[in-house]
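Below is a structure I'd like to ask you about.
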Amino acid sequence: MANWLVELMPGWAARRAEARLKMARYQLLEQGVRRAFEAAAVGRRNQGWKATSKDANAELAPALARMRNRARDQRRNNPYAESGISAIADYSVGHGIVPRPLGRTDRVNEHLAELWKAWAETTACDADGLNNFYGLQHLCATTIPEAGEVLIRRRWRKASDGLPLGMQLQVLEPDYLDESKSGDLANGGRIIQGVEFDAIGRRVAYWLFSEHPGAMGYRHGLESKRVPADDVLHVFMILRPGQARGYTWLAPVLQRMKNLDEMDDAVIEQAKIAACFAAFVSSDPTGEVQAAKPPPLIDHVEPGIIEKLGPNESVTFGTPPTFSGYSAYSWQALHAVGVGLGVPYEILNGDLKGVNFSSGRMGWLRFYQRVHVWQWRMLIPLLCAGVWRWFLEAQLLQPDAVFEDVPAEWVPPRKVVLDPKAEGDATKESIRNGQMSWSDSVREQGYRNPRALAMAIAADNTLFDELGIVLDCDPRKVGAAGAGTVSGSSEPDDQEKSKETSETEATSDA
């Protein structure tokens, strides 16, 4: 800095020097942090590492549609993608996540259960008329891993439609959201990729097209319409705070799956080239002059063939290059795909080679933890609870409506038992120790109504007692080893023996 500037503006020069000193201290501190953390270091090793500090919505905006389309292409053409996505839906939904009303009285619970059965367990709940509610659950559970999210729209119906309930559910792909709708609003809210928020961050509306943008005969230039959030359920896995949209679960493994497809094609082409058995005949130009008319060449080779060659002729066979690392590469790539999707390798590939009970159980326990996360963090709170709320609102229009706010307990499908005897004994011990109720254990087995099961057991026991039938599995009369229990012994015979003994003793005394 020129000395005359310092003399002319000493205050400005002092402030500038102080700012430069602070910048130097910051640079020294930053260099120290980078030296302490290799992940923050710069240099040749981390050259080309792209990392941004954008929020979830800014990162997804330019990539959302492209990743979704590529994921759909993989599911259509890659069997491993289809297997992984189907496994997620099969184990998280299965035959359905079933509600159990928790009203104040049994009459209310039974009435709502019957109305739910007439509406949700038939195709009357589906706007397309193809699935019951549990089928819609499975459809949503396959759409979410593939496209990243799914929308369920409430459709009101007229009484003249003849439905058990004047409401239906319409499942929409995320393409219906108008991603061009983004920006701030005059009321302090904002729109993020078709989702409208108010000033305090609550979802208040969704901007939806009336038809799929990729449908046949789609009218270009069709404008989206604002649909209140009360009529739309937006279901996706929330991975970052403030995330407005979901993205495909195949995102971490899309590139690996594409590379594996290309590797498969290369190995197949290599096998085709190797199948082209080729022979080449060469002659020695320094030898004697051959006959003017060479003998005809054979066009195929047979086992045991003996063919004479001409003078100074020899035969060599083509040896195409081979690649011996395909098995190891595919094994590693499929393991990475399974880890990225949260699905065990054995389910993804159907390969059970080298799996024993212990290793299989450890893998399944980890997988079931993921299934519970999908159920209780996404499907039940965002899908099932919302549909139950709509169900209670729609039944208010019925003549025998229930006007109290009845919550519901959702029962996921029964999990697969790897060792029925060991896990059955563990459940029995939990019930006996008071760590679990019998009703809870019954629901874990997939039964919807423990009371109905108990009544069926009581009816069977009454029938067997009337007919004098004693089954080996009856714990009232037969022990665990098949021997008669004390309470199950023949009481009339014991009483007769006791009576005869008393009479004998009385006679002897007399």
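Take each of the peptides 386-394, 457-465, average the number of other beta-carbon atoms within 10 Å over its residues, and list them starting from the highest.
Highest mean packing first, the order is 386-394, 457-465.
May I pose another question? Suppose the chain between A385 and K50 were pulled fully straight at 0.36 nm per residue; how much longer would it get relative to their current alpha carbon spacing?
The span from A385 to K50 would gain 116.6 nm if fully extended.
Ok, one more. So for the pair E59, R361, with labels modelled 7 Å out along Cα→Cβ, what separation do we get in nm?
3.8 nm
Could I ask something else about it? Spelling out what I want: for every residue of the range 256-272, take phi, set θ = phi - 60°, compute 6.51 cos²θ - 1.76 cosθ + 1.60 (Karplus), and round to whole Hz; glycine and proline get x.
5, 5, 5, 4, 5, 4, 5, 5, 4, 4, 5, 5, 5, 5, 5, 5, 5
While we're looking at this one, here's another question. Taking 7 Å along the Cα-to-C-beta vector as the label spot, tell me the V42-W331 distance in nanometres, rounded to one decimal.
Spacing of the two 7 Å Cα→Cβ label points: 4.3 nm.
Measure up K258/K415; K158/K181; K158/K225; K117/K181; K50/K415 against 30 Å on the Cα-Cα distance and list the ones that go over.
K258/K415; K158/K181; K117/K181; K50/K415, as the Cα separations exceed 30 Å there.
In addition: What distance in nm separates the two pseudo spin-label positions at H372 and M455, each 7 Å out from Cα along the beta-carbon direction?
3.2 nm
Also, I was wondering about something else. Sorting check: for 396-407, 78-89, 357-368, which peptide has the highest mean count of neighbouring beta carbons within 10 Å, and how do the rest follow?
Ranking, from highest mean packing down: 78-89, 357-368, 396-407.
OK, next. Return the FRET efficiency for the residue pair N433, A118: r is the Cβ-Cβ distance, R0 is 51 Å, and the value is rounded to the nearest 0.05. Can you show the working numbers first?
Working: r = 40 Å, r/R0 = 0.79.
Calculated transfer efficiency: 0.80.
Moving on to the next point. Can you tell me the order of 423-431, 241-249, 257-265 when each peptide is scored by its average per-residue count of other Cβ atoms within 10 angstrom, highest first?
241-249, 257-265, 423-431
Every number in this text was worked out from the coordinates using simple rules, so none of it is lab data. Computed from a predicted model, the values in this text were never measured in an experiment. FYI the Cβ positions are ideal-geometry reconstructions off the backbone, even for glycines, and counts take in every protein chain you see.
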